[in-house]
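The values are calculated or read from the model by the stated rules, or taken from the named source; none is laboratory data. All figures in this text were calculated on a predicted structure; none of them were measured in a lab. Positions of Cβ are backbone-derived with ideal geometry, glycine not excepted, and every protein chain shown enters the neighbour counts.
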Amino acid sequence: MALDKTTILIVEDEPAIVELVSFTLRESGWNPVAVHNATEAWEFLQRRTPHLVLLDWMLPDQSGLRLLTRIRGDRHFQAIPVIMLTAKSMEEDKIAGLDNGADDYITKPFSPRELTSRIKALLRRKSPEHAQSVMSAGPVSLDPVSCTVMLNEQKIDIGHAEYKLLKFFLAHPERVFSRSQLLDKVWGDHVVIEERTVDVHVLRLRKALKEAESLIKTVRSVGYMLSVK
């Protein structure tokens, strides 16, 4: 089964840095997409929402700070984690970046190891479903690194869509989600899927979980939740 890769948008105009960062991200199992200016970045965001943005401070068409303000001003993108990449190490620049909505700040030159650890920490904080540690509920456990699901310590077969759904539920236990929320959170709003398709995937997920199917609860006229209670 193909790993449901975390997409990271790199907004950077220096080819050497783009190459280094892209290589580092791929080595960590992420999917890097690079654009070279703020205009291209905004065009990409209109088509697809990345899981995280690495944003250079100095861009050829406008400042990264200005693009950050635009991202934070749009309700669709407000929650995207953003790390500023910059040669500026001045304290006031750092404060300006954080004040304008950056989640973190990394000064060039930086080590690949530092970059990956910052990204992992931010994804873990922002989106538990993108964490790399094993998640479990009752007799079911999911390992995001190997993309395997275990039931009573035995590996089970599970479809790609059901895997994504289970991963999301495990990251948010005891919380009810409507069908439209699950569509948005699990598949992303750029994917055209009907709400009733969610019911089909929930049904398949329960079937895959066998005797643990009762973990996935139906909340009448609201949606679904994962609960061990």
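Among residues of the range 78-87 being within 17 Å of Val33 (Cα to Cα) and assigned to a loop (DSSP other than H, G, I, E, B), the one that is modelled with the lowest pLDDT is Ile80. Out of everything in the range 104-115 that is surrounded by fewer than 17 Cβ atoms within 10 Å (Cβ to Cβ) and within 10 Å of Val21 (Cβ to Cβ), what residue ends up being farthest from the chain's Cα centre (by Cα)? Across the range 104-115, the extreme among qualifying residues is Phe110. Restrict the check to the range 31-39 and report whether at least one residue is farther than 30 Å from Val149 by Cβ, part of a loop (DSSP other than H, G, I, E, B) and in contact with a Pro (Cβ under 6 Å, 6 or more places away or on another chain). Within the range 31-39, one or more residues are farther than 30 Å from Val149 by Cβ, part of a loop (DSSP other than H, G, I, E, B) and in contact with a Pro (Cβ under 6 Å, 6 or more places away or on another chain). Return only the number of the condition from (1) closer than 30 Å to Gln46 by Cα; (2) in contact with a Gly (Cβ under 8 Å, 6 or more places away or on another chain) that Ala212 does not satisfy. The single condition Ala212 does not satisfy is (1).
The rows are residues; the columns are (1) within 25 Å of Lys120 (Cβ to Cβ); (2) surrounded by fewer than 20 Cβ atoms within 10 Å (Cβ to Cβ); (3) modelled with pLDDT of 95 or more.
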site: Ser146; (1), (2), (3): yes, yes, no
site: Asp157; (1), (2), (3): no, yes, no
site: Glu162; (1), (2), (3): no, no, no
site: Val200; (1), (2), (3): no, yes, no
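Just checking, does the range 48-70 include any residue being part of a loop (DSSP other than H, G, I, E, B), β-branched (Val, Ile, Thr) and within 21 Å of Phe168 (Cβ to Cβ)?
Applying the first criterion (part of a loop (DSSP other than H, G, I, E, B)) to the range 48-70 yields 48-51, 57-63.
From what is left, the residues that are β-branched (Val, Ile, Thr) are 49.
From the residues that got through so far, the ones that are within 21 Å of Phe168 (Cβ to Cβ) too are 49.
Looking for residues that are part of a loop (DSSP other than H, G, I, E, B), β-branched (Val, Ile, Thr) and within 21 Å of Phe168 (Cβ to Cβ), one finds at least one in the range 48-70, hence yes.
Looking only at residues in the range 77-101 that are more than 18 Å from Thr7 (Cα to Cα) and of a type in the set (A, V, I, L, M, F, W, C), the one that is surrounded by the most Cβ atoms within 10 Å (Cβ to Cβ) is Ala96.
Here's the yes/no breakdown for (1) free of Cβ contacts under 8 Å to residues at least 24 places away in the same chain; (2) of a type in the set (A, V, I, L, M); (3) crowded, with 17+ Cβ neighbours inside 10 Å:
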| position | (1), (2), (3) |
| --- | --- |
| Thr39 | yes, no, no |
| Gln46 | yes, no, no |
| Met58 | no, yes, no |
| Gln62 | no, no, no |
| Thr69 | no, no, no |
| Arg75 | yes, no, no |
